[in-house]
1. Might you check whether a residue that is surrounded by fewer than 16 Cβ atoms within 10 Å (Cβ to Cβ) and modelled with pLDDT of 95 or more occurs anywhere in the range 164-178?
2. Looking at Asp128, Asp136, which is the one that is more than 16 Å from the ligand (Cβ to nearest atom), over 18 Å from the mean Cα position of the chain (by Cα) and without any contact (Cβ under 8 Å) to a residue 24 or more places away in the chain?
3. Restricting to the range 163-204, name every residue that is within 13 Å of the ligand (Cβ to nearest atom), among the hydroxyl-bearing types (Ser, Thr, Tyr) and not in a strand (DSSP E or B).
4. Counting just the residues of the range 1-42 that are among the aliphatic types (A, V, I, L, M) and assigned to a helix (DSSP H, G or I), which one comes out surrounded by the most Cβ atoms within 10 Å (Cβ to Cβ)?
5. Keeping to the range 119-147, report how many residues are farther than 24 Å from Lys64 by Cβ and of a type in the set (D, E, K, R).
6. State all residues of the range 139-162 that are within 20 Å of Val97 (Cβ to Cβ), assigned to a loop (DSSP other than H, G, I, E, B) and more than 14 Å from the ligand (Cβ to nearest atom); if no residue qualifies, say none.
7. All but one of (1) loosely packed, with under 14 Cβ neighbours inside 10 Å; (2) in contact (Cβ under 8 Å) with a residue 24 or more places away in the chain hold for Ala89, so report the exception by its number.
8. Quick one: Ile45 ticks every box in (1) within 16 Å of the ligand (Cβ to nearest atom); (2) among the hydrophobic types (A, V, I, L, M, F, W, C); (3) part of a loop (DSSP other than H, G, I, E, B) bar one, so which box is it?
Amino acid sequence: MGTVRAVAFDCDGVLADAGSSWAVIHSHFGTGDATLLSAFLNKEITDEEFMRDDIRQWKEVQPKIHRDELFKCYSGVQLMEGARDVVSALQERGVHVVIISAGVDLFVSAIASMLNVDDWAANGFSYDSEGYLMDDGVCRVPAWNKGEMVEKLIRINGFDPSEVVSVGDSSMDLSMYVPGSRFIGFNPTREEAHSAFNSAEVPVVPGPDLRDIWSTLFNGEEFPEES
Ligand SMILES: [Mg+2]
């Protein structure tokens, strides 16, 4: 096992202790459609269709939704246990740390600045000139093709794929496992994530402490003692 030069983390359920940053807004408005979620998980609808439909459901409850109200939905969300320690220990070794999330940009950008990561990408919203939510979402990270962003990370920084490790909690995150790179399944909750990780034969680290990925990342090494 070679050098680790970059780690790409999923956000929801990996760095942030929230299953889905989309679901957080649904619970605020009392919305959410299990049929659409499973259609999306079965790749029957696109990211754009899924986002547009989420927004439509919220606007049915409340026609005008301000960015500030959306941001406040996340006030109770915590970082995953050990997330801060892992990111700073990686950066201390000169490892490049990024977040690649199909979650909500409002939330992911807050996590990114809290953890001071090197770069991040996520999906999200557009607003009118007064900050009110528009009908269409913005898709930058296709949930089933997060590998595009990993390829970009490799290309821009001149990494070898073998030096890049992705960490995710869902079957969609396996799209980050680009040829030649490594992947660690962390904290899988859905049964389909367990079975997808097993069939992909990737190492799986149960949650909730992110520090537990360390020995898998660095060939059996223990998490560094705090200095
Ligand atoms: Mg996730």
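1. Checking the range 164-178: not a single residue is surrounded by fewer than 16 Cβ atoms within 10 Å (Cβ to Cβ) and modelled with pLDDT of 95 or more.
2. Testing whether each residue is more than 16 Å from the ligand (Cβ to nearest atom), over 18 Å from the mean Cα position of the chain (by Cα) and without any contact (Cβ under 8 Å) to a residue 24 or more places away in the chain leaves just Asp128.
3. Across the range 163-204, the qualifying residues are Ser170, Ser171, Ser175, Thr189.
4. Ile25
5. 3
6. Passing the criteria: Arg140, Gly158, Phe159, Asp160.
7. Checking Ala89 against (1) loosely packed, with under 14 Cβ neighbours inside 10 Å; (2) in contact (Cβ under 8 Å) with a residue 24 or more places away in the chain, the one that fails is (1).
8. Evaluating Ile45 over (1) within 16 Å of the ligand (Cβ to nearest atom); (2) among the hydrophobic types (A, V, I, L, M, F, W, C); (3) part of a loop (DSSP other than H, G, I, E, B) leaves (1) as the failure.
The values are calculated or read from the model by the stated rules, or taken from the named source; none is laboratory data. A quick note: this is a predicted structure, and the numbers were derived from the prediction, not measured. Glycine gets a Cβ as well: all are built from the backbone with ideal geometry, and neighbour counts include every protein chain shown.
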